[in-house]
1. Show me the strands (runs of 3 or more DSSP E) found entirely inside region 146-256 where at least 2 residues are under 20 Å from D102 (Cα atoms) and of a type outside the set (F, W, Y).
2. Tell me, please, whether a residue that is crowded, with 22+ Cβ neighbours inside 10 Å, more than 27 Å from M1 (Cβ to Cβ) and aliphatic (A, V, I, L, M) can be found in region 59-68.
3. Could you tell me which of the residues V129, V95, V147 is crowded, with 19+ Cβ neighbours inside 10 Å and more than 13 Å from the chain's Cα centre (by Cα)?
4. Have a look at E91, E86, E116 and point out the one that is out of contact with any helix residue (DSSP H, G or I) (no Cβ under 6 Å at 6 or more places or on another chain), farther than 10 Å from Y188 by Cα and part of a loop (DSSP other than H, G, I, E, B).
5. Quick one: how many residues across region 81-90 are surrounded by fewer than 19 Cβ atoms within 10 Å (Cβ to Cβ) and either small (G, A, S) or modelled with pLDDT of 95 or more (or both)?
6. I'm trying to understand the selection: among the residues of region 20-52, which are small (G, A, S), at pLDDT below 95 and part of a helix (DSSP H, G or I)?
7. Among the residues of region 91-132, which ones are among the polar types (S, T, N, Q), modelled with pLDDT under 95 and out of contact with any strand residue (DSSP E or B) (no Cβ under 7 Å at 6 or more places or on another chain)?
8. Under the condition of being out of contact with any Lys or Arg (no Cβ under 7 Å at 6 or more places or on another chain) and of a type in the set (F, W, Y), which residue from region 168-185 is modelled with the highest pLDDT?
Amino acid sequence: MKFLAIIPARYASSRFPGKPLADIDGKPMIQRVYERVAQLYDCCCVATDDERIEAAVKAFGGKVVMTSTEHKSGTDRCAEALDKFEAESGEQFDVVVNVQGDEPFVSHEHLTKIREAFDDAGTQIATLVKKFTPGENIFNPNSPKVVTSAAGYALYFSRATIPYLRNEEQGEWQYKHDYFKHIGLYAYRCEVLRQITKLPMGILEKAESLEQLRWLENGYRIKALETTAETIAVDTPEDLQEVLKKIRQGEAKVGF
């Protein structure tokens, strides 16, 4: 089975313009992500809509595909990049792994586990979930929650705290039940990726602003594998300063 890891990267982030080029210990963030992914995947590329990012990737010897400026999600950008990369390389792939371009310390565990999901021939789409720790806020709407079936498939994703514990005080919920947050790493069989990017936005996606609900609403199954590794995402300049602080203090490592 052949995997293609694609790292979508936009320049025009509303909260952090030029984020993929932000310097992290002497290298642009997109390079940090690319080098970690390349350690585990023979084929990987950056999918961007900006010539500055394209130039930066080429400068460190990475592979890059230019895509439309009109994409509304990283999934849509991955679908276009897949077609272009296959056409340019002459290779055919079975699975695309969509790696977030703002996680310069994406873990070995995440990248390995998402690939292992496709050992099961029935897996169409895979993602990761992590148990909330006692110190985390399960009521934060910016941290989507997920509930799964006994077989490990996602039943629903929500910004609300699910499940609702009837007859329990909300302050006790986290101690009475294991809640899981969604880790935004996806992988898709190539034919499924091409199909889901042609679907119209669904009612549930509009309500929650979570694109994966479009897939569930249309009958696709999402395998949700549990991970114990945390993510360190950079969404704002303040996040970047926290990452640099962690590096200085030895809490974040630039290598695996």
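The values are calculated or read from the model by the stated rules, or taken from the named source; none is laboratory data. None of the values given here were measured: they were computed from a predicted structure. Note that each Cβ is placed from the backbone with ideal geometry, even for glycine, and that neighbours are counted across all protein chains shown.
1. Working: elements: 154-158, 180-189, 222-226.
Because the criterion is at least 2 residues that are under 20 Å from D102 (Cα atoms) and of a type outside the set (F, W, Y), the strands (runs of 3 or more DSSP E) in region 146-256 that meet it are 180-189.
2. For region 59-68, residues crowded, with 22+ Cβ neighbours inside 10 Å, more than 27 Å from M1 (Cβ to Cβ) and aliphatic (A, V, I, L, M): absent.
3. On the way: V129 fails: more than 13 Å from the chain's Cα centre (by Cα); V147 fails: crowded, with 19+ Cβ neighbours inside 10 Å.
It is V95.
4. Numbers: E86 fails: part of a loop (DSSP other than H, G, I, E, B); E116 fails: part of a loop (DSSP other than H, G, I, E, B).
That would be E91, the only listed residue that is out of contact with any helix residue (DSSP H, G or I) (no Cβ under 6 Å at 6 or more places or on another chain), farther than 10 Å from Y188 by Cα and part of a loop (DSSP other than H, G, I, E, B).
5. Restricting attention to region 81-90, the residues satisfying the condition of being surrounded by fewer than 19 Cβ atoms within 10 Å (Cβ to Cβ) are 83-84, 86-90.
Pick out the ones that are also either small (G, A, S) or modelled with pLDDT of 95 or more (or both) and you get 83-84, 86-87, 89-90.
Qualifying residue count, region 81-90: 6.
6. Going through region 20-52, the residues small (G, A, S) turn out to be 22, 26, 38, 47.
Keeping just the survivors that are at pLDDT below 95 gives 22, 26.
Across region 20-52, there are no qualifying residues.
7. Initial filter on region 91-132 (among the polar types (S, T, N, Q)): 92, 98, 100, 107, 112, 123-124, 127.
Restricting the remaining residues to those that are modelled with pLDDT under 95 gives 100, 107.
Selection gives S107 alone.
8. W173
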